[in-house]
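The values are calculated or read from the model by the stated rules, or taken from the named source; none is laboratory data. What you see is a predicted model, and the numbers here were worked out from it, not measured in a lab. Backbone-built Cβ (ideal geometry, glycine too); neighbour counts: all protein chains shown. These accessible areas exclude ligands, DNA and RNA; they are computed on the full protein's heavy atoms, side chains included. Shrake-Rupley method; radii C 1.70, N 1.55, O 1.52, S 1.80 Å.
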Amino acid sequence: MSSIDNSMHAKSLWSEGFSRLKKNKASMVSLSIIIIVCLIALFARQLAPYSFETQNMDHILAPPGGDYLLGTDSLGRDMLSRIIFGSRMSMAVGIITAILSLIFGALYGAISGWVGGTLDAYMMRFIDILYAIPSLVLLIIVKVIFDSLDLFDNPELKALTGILLALSIVGWVTLARMVRGQVLQIREMVYVEAAQAMGARGWWIVAKHIFPNILGPIIVLLTFQIPSNILYESILSFIGLGLQPPFSSWGVLASDGWRSLRTYPHLIISPSIILSVVILSFNLFGDGLRDAFDPKMKK
Amino acid sequence: MFKLFKDANQRQWIQWVIKFTGWSSFLILISSVVMSFIGYVVSPQLIIANIVFSIAFFITYTFQQHMTVYVIKRVFGAFITLLVIATITFTLLRLLPGGPFDQDKALPPEVIANIEAKYHLDKPVLVQYWHYLSGIAQGDLGDSYKYIGRSVTDIISETLPNTLQLGIYALLICYLFGIPAGVFAASKHNSWADNTIMTIAISGVTLPSFLVAAILILIFSVQLNWLPPALWDGPEYYIMPMLVLGIRPAAIIARLTRASVLEVINSDYIRTARSKGLPERVILFKHVLKNSLIPVLTFSGPLVSGVLTGSFITELIFAVPGMGKHLIQSVTNRDYPLILGLTLLFSAVLVLTNLLVDLLYSFFDPRIKLS
């Protein structure tokens, strides 16, 4: 029998963070919503009652209920199936874009912050300039350019390329700035100095000492990047520059519904509820993550 | 000349000039916003007077704080930024597939050759670039390709007032509602009021603007028939667009204010004020608010950028005759001069706002020294 109290065991920063996160009810509910939606997106083919492109001309604009749980659209396509398949596109846009912009932004920010000096000044100058271009203009132009390139054969990926790349190009800037700030802060720490004194090389220090320490803030930022990408995608769809039919995302569905707002409100209600709930969940989960892993909030 | 100002900067009169010009430009701005909202047309003289006052304010303040070199550097940097943005946008536009005069029915080659000669499109890209830059230097943004016979400057001067109006109203909403909501939530930290306000705020951040618009239109235009669902013709037309545009920044500001007030409330000097036995109200308004609003002010730069981007969508939703519609359509139309002109204008607004916010930042927080 050990006489040491279990609660006295040393906890790593991560496990302590996780235990704090588990206590946050809103975040845990949000996390489960996110996981459910991800599963729905993965198993869309098995879950959807109909195909997303089958048109049923006998049931055009059917109201919710009966055979079609959420009604049908103006081409007689089942709304529920379109929303389920739409989750594939929306989540793909949110997550892939966040990862793409993270890879580029983190590399850029880390180089800028670690090398410092003139290079840092020029790299940050470039970011300032990108910040001054209205993001929507950049988004639209870049998307139209990338849409004209044929990079993939898979029809789903092909429809997504323009949006993915355009959103990543707009999104990496924020991440680069944040990563640079973190690197600048951590390279002044004593343990980095100690590693240098022991003769560690630059890339070793970045990979072994700096990266693990900025991982927390990066993950938090990533969680906030995903909903903002989903939001931007819906805005692009709204101005008519979203996915090409027959593919649909929640944004495409909601903006289609917008056109018949007065006559068939069910077309906008269901996609917008799921869109808002998912965006809200990501934001609440991000808040919880930040509270749990930000050392400043530690009590 | 600098010497003269250096000696003068501690004198009373220069303080008076700063106070007078600052307050008058602020008051004129507020009153003209209110006037334009009620439906009066704000006269150009008033706008010019306000610009003169604010320029006078910033110049005297710059001299007084010995920031002349800094400001000149920043203004120079702003021009470089705009030049680079013009170059980036120009290059991107030439990468766009399709040309401005592609139509379903192909035009005869002679006609295309004529059109291209008129707009210098037959020349090498570098020559076109040079033409464009020298045009800007002379204040000429070129002619629109799609709106035949109208220059980009015409289109901008027609639509800019509406966009500005919408943007300023939205900013006003965002400060008028966001800051008090944030302060109130923080002062009632962890109570039901705090939770309610923050839930509303986070929903405001997450909802896409066209959904907010859909909800408002369904309630106020379709059901109650109180407000018109589109166009830009008077106070009743302004309400929904400014709400739709303002709700997201207001929510962000509320969250920011709350966080910043909470941070200040836990600081040492607030504990001192409490131990002196000052009433909570005095502590909140006299001690906490002043310091906690500084981060909110710094956020004004990104805020203006967000409101500008949002205004494109809001204008599209409510058919507001502003620049947003042109901006989106001009890309689809490949109307190169119009895209370039609008992008440059927006970027100039952003760059200028950031400079002004930085100056104001040092004005409100004297601990910050810009150099």
(request) Please give, to one decimal in nm, the separation of the simple spin-label points placed at B:D102 and B:A137, each 7 Å out from Cα toward the Cβ. (result) 3.4
(request) Report the net charge of residues surrounding B:N333, where surrounding means a beta-carbon distance below 13 angstrom and charges are Lys +1, Arg +1, Asp -1, Glu -1. (result) +1
(request) Considering only protein heavy atoms, with the full assembly of protein chains and a 1.4 angstrom probe, order B:V52, A:V179, B:V282 by accessible area, largest first. (result) B:V52, B:V282, A:V179
(request) Working with all protein chains in place, sort B:L231, B:L355 by solvent-accessible area computed with a 1.4 Å probe, largest first. (result) B:L231, B:L355
(message) Keeping all protein chains in the complex and leaving out DNA, RNA and ligands, what accessible area do you get for B:H66 with a 1.4 Å probe, in Å² to the nearest 10?
(response) 110
(request) Please work out whether region A:57-205 counts as rounded, prolate or oblate from its C-alpha gyration tensor, where a ≥ b ≥ c are the square roots of the eigenvalues and a/c under 1.5 means rounded, while otherwise a/b larger than b/c means prolate and anything else oblate? (result) prolate
(message) Through the Karplus equation 6.51 cos²θ - 1.76 cosθ + 1.60, θ set to phi - 60°, convert the phi angles of region A:87-92 into ³J(HN,Hα) values in whole Hz; use x for Gly and Pro.
(response) 4, 4, 5, 4, 5, 4
(request) Compute the relative contact order of chain A as a whole-number percentage, counting only Cα pairs closer than 8 Å that sit 6 or more residues apart in sequence. (result) 25
(message) Could you tell me the relative contact order of region A:200-299? Use alpha-carbon pairs under 8 Å, at least six residues apart, and round to a whole percent.
(response) 29
(message) If you take every residue apart from B:G301 with its C-beta less than 14 Å away from the C-beta of B:G301, what net charge results, scoring Lys and Arg +1 and Asp and Glu -1?
(response) 0
(request) Would you mind giving the mean number of other chain beta-carbons within 10 Å of the Cβ of each residue in A:115-124, as a whole number? (result) 0
(request) Describe numerically, in nm with one decimal, the distance between label points set 7 Å from Cα along Cα→Cβ at B:I51 and at B:I368. (result) 2.6
(message) Around B:T81, under 12 Å between beta carbons, what's the net of Lys plus Arg minus Asp minus Glu among the other residues?
(response) +1
(request) Return the distance in nm (one decimal) between the two label points of a simple spin-label model at A:A194 and B:V75, each offset 7 Å from Cα along Cα→Cβ. (result) 5.2
(request) Within 10 Å of each Cβ in peptide B:68-81, how many partner chain Cβ atoms are there on average? Round it to a whole number, please. (result) 1
(message) Please compute the average number of Cβ atoms from other chains found within 10 Å of each residue's Cβ in peptide B:197-209.
(response) 5
(message) I'd like the carbon and sulfur percentage of the solvent accessible area for the protein assembly as shown, probe radius 1.4 Å, heavy atoms only, ligands and nucleic acids excluded.
(response) 67
(request) Would you tell me the accessible area of B:L121, worked out with a 1.4 angstrom probe on the heavy atoms of the protein chains, in Å² to the nearest 10? (result) 30
(request) Grab the beta carbon distance between B:H66 and A:S19, set R0 = 56 Å, and tell me the FRET efficiency rounded to 0.05. (result) 0.60
(message) In whole Hz and in residue order, list the ³J(HN,Hα) couplings for region B:59-66 that follow from phi through the Karplus curve 6.51 cos²θ - 1.76 cosθ + 1.60, θ = phi - 60°; x for Gly and Pro.
(response) 5, 4, 5, 4, 5, 4, 8, 6
(request) Report, by chain and number, residues whose modeled amide H sits under 5 Å from the one on B:D143, excluding near sequence neighbours (fewer than 5 apart, same chain). (result) B:V152
(request) Return a whole-number percent for the relative contact order of chain B, with Cα pairs under 8 Å and 6 or more residues apart as the contact set. (result) 21
(message) What whole-number distance in Å separates the alpha-carbon centres of region B:241-278 and region B:104-125?
(response) 59
(message) Counting only helical runs of four or more DSSP H residues, what would the 222 nm mean residue ellipticity of chain A come to if each run contributes -39,500 (n - 2.57) and the total is spread over all its residues?
(response) -23500 deg cm²/dmol
(request) Would you kindly derive the ³J(HN,Hα) couplings of region B:32-47 from the backbone phi angles with the Karplus curve 6.51 cos²θ - 1.76 cosθ + 1.60 (θ = phi - 60°), listing them in order in whole Hz, with x for Gly and Pro? (result) 6, 5, 4, 4, 5, 5, 5, x, 6, 8, 6, 6, x, 4, 5, 5
(message) Quick check: Cα centre of region A:276-293 to Cα centre of region B:317-367, how many Å?
(response) 31
(request) Rounded, prolate or oblate: pick one for region A:166-257, where a ≥ b ≥ c are the square roots of the eigenvalues of its C-alpha gyration tensor, a/c under 1.5 means rounded, and failing that, prolate if a/b is larger than b/c, else oblate. (result) prolate
